[in-house]
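Written out below as structure tokens is the structure these notes cover.
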Amino acid sequence: MMHKVEPKVFLVGETKIVKEGLNGFLKHVGVPKWKSDASTDLEKIIEVMGRLCYRSFEPGLNKNVKKVREHNKDYLENIKKVKHGSVIEHPVLNFIFTDVSRVFTHELVRHRAGTAISQESLRFVRLDDLGQWLPTVIYEDEKAVEIFVKTFKHLEKLQLELAEYFKLDDEAMPFHKKKVITSAMRRIAPIGLATTIGWSANPRTLRWVLEMRTDPNAEEEIRLVFGKVADIVAKRYPNLFCDYEIEMTDGLPWYKTKNSKV
């Protein structure tokens with residue numbers, strides 16, 4: 001039956017370096033012993049792509065370059081400072097957001113550049129147990145909570161009644177017909193129901209989304225979700241996301257950086 005949920009964030013994938021290929025390139029360019037002190041492949045591949053632009057793996061490799069930044073942290077800080085953002089587009093991070101509303105997903109898909117999106121399909125997934133997350137303005141108001149809960153329970157009841165009416169659990173019901181009916185039934189599902197969406201983005205895109213969607217002017221649920229995203233990436237990729245300052249507003253973190261829109 002209808003239940004309350006809390007949005008969750010899972011980092012499920014990230015770019016990995018093919019060592020044989022990178023070693024072959026380094027040998028080809030004349031620096032077979034070059035190494036990076038990056039703690040993750042994601043941060044390392046950004047450094048590699050940046051250094052190849054200027055052939056700056058070591059002093060003298062490019063006769064115009066007499067000095068190079070030795071550490072990944074310093075290198076990425078300079079990338080952000082000079083806004084050489086194109087090299088930050090090479091890696092990809094893969095997230096799954098669960099127990100988020102379709103209010104959230106409608107806002108998320110506005111960020112299209114540099115992303116890939118796969119959402120739970122209500123053409124195929126039948127609704128029989130609606131999850132609900134309540135914004136602060138609702139759950140702090142007893143009467144508003146009562147109205148929300150009553151409405152969700154009613155809409156869930158309609159889903160169950162329609163499934164029974166159309167005999168969707170009948171073994172003789174062909175799948176293609178189930179799909180057509182299930183698709184029709186979603187039209188009376190609430191936009192606030194909990195769902196799941198896969199979202200992949202390159203770090204340049206992610207940095208911009210963090211700025212936009214943790215801002216106090218953003219909608220509460222998307223602020224909540226991307227506050228969790230920011231916490232994950234700041235810990236896992238410190239050299240890439242260490243330039244953010246956190247300011248708490250209305251109980252949620254606002255991630256701000258002097259290196260805006262790299």
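Observations on the structure shown:
- Matching residues in segment 245-262 - criterion: being β-branched (V, I, T) and either in contact (Cβ under 8 Å) with a residue 24 or more places away in the chain or not in a strand (DSSP E or B) (or both): T249, T257, V262
- Positions within segment 155-179 being within 21 Å of M2 (Cβ to Cβ) and assigned to a helix (DSSP H, G or I), in sequence order: L155, E156, K157, L158, Q159, L160, E161, L162, A163, E164, Y165
- Which numbered condition K63 misses (of (1) assigned by TED's automatic domain parsing to the domain that holds A218; (2) more than 27 Å from R213 (Cα to Cα); (3) charged (D, E, K, R)): (1)
- A single entry from V233, V209, V225, V229 fulfils the requirement of being over 18 Å from K261 (Cβ atoms), within 13 Å of the chain's Cα centre (by Cα) and either in a helix (DSSP H, G or I) or in contact (Cβ under 8 Å) with a residue 24 or more places away in the chain (or both): V225.
- Residue tally, condition in contact with a helix residue (DSSP H, G or I) (Cβ under 7 Å, 6 or more places away or on another chain) and either at pLDDT below 95 or polar (S, T, N, Q) (or both), over segment 99-110: 1
- Tally of residues being under 13 Å from the mean Cα position of the chain (by Cα), of a type outside the set (F, W, Y) and surrounded by 15 or more Cβ atoms within 10 Å (Cβ to Cβ) across segment 63-121: 13
- For S200, the test of being among the polar types (S, T, N, Q), in a strand (DSSP E or B) and buried (at least 16 other Cβ atoms within 10 Å of the Cβ) is passed.
- You will find that of A189, A201, the residue that is closer than 28 Å to V12 by Cα and small (G, A, S) is A201 and no other.
- Evaluated against (1) under 30 Å from I96 (Cβ atoms); (2) touching a Lys or Arg at 6+ places or on another chain (Cβ under 7 Å), V18 falls short on exactly one condition, (2).
- For L240, the conditions (1) more than 21 Å from T98 (Cα to Cα); (2) under 13 Å from the mean Cα position of the chain (by Cα); (3) buried (at least 21 other Cβ atoms within 10 Å of the Cβ) all hold with the exception of (2).
The values are calculated or read from the model by the stated rules, or taken from the named source; none is laboratory data. Just so we're clear, the structure is a prediction, and the values are computed from it rather than from any experiment. With ideal geometry, Cβ positions are generated from the backbone for all residues, glycine too; neighbour counts draw on all protein chains shown.
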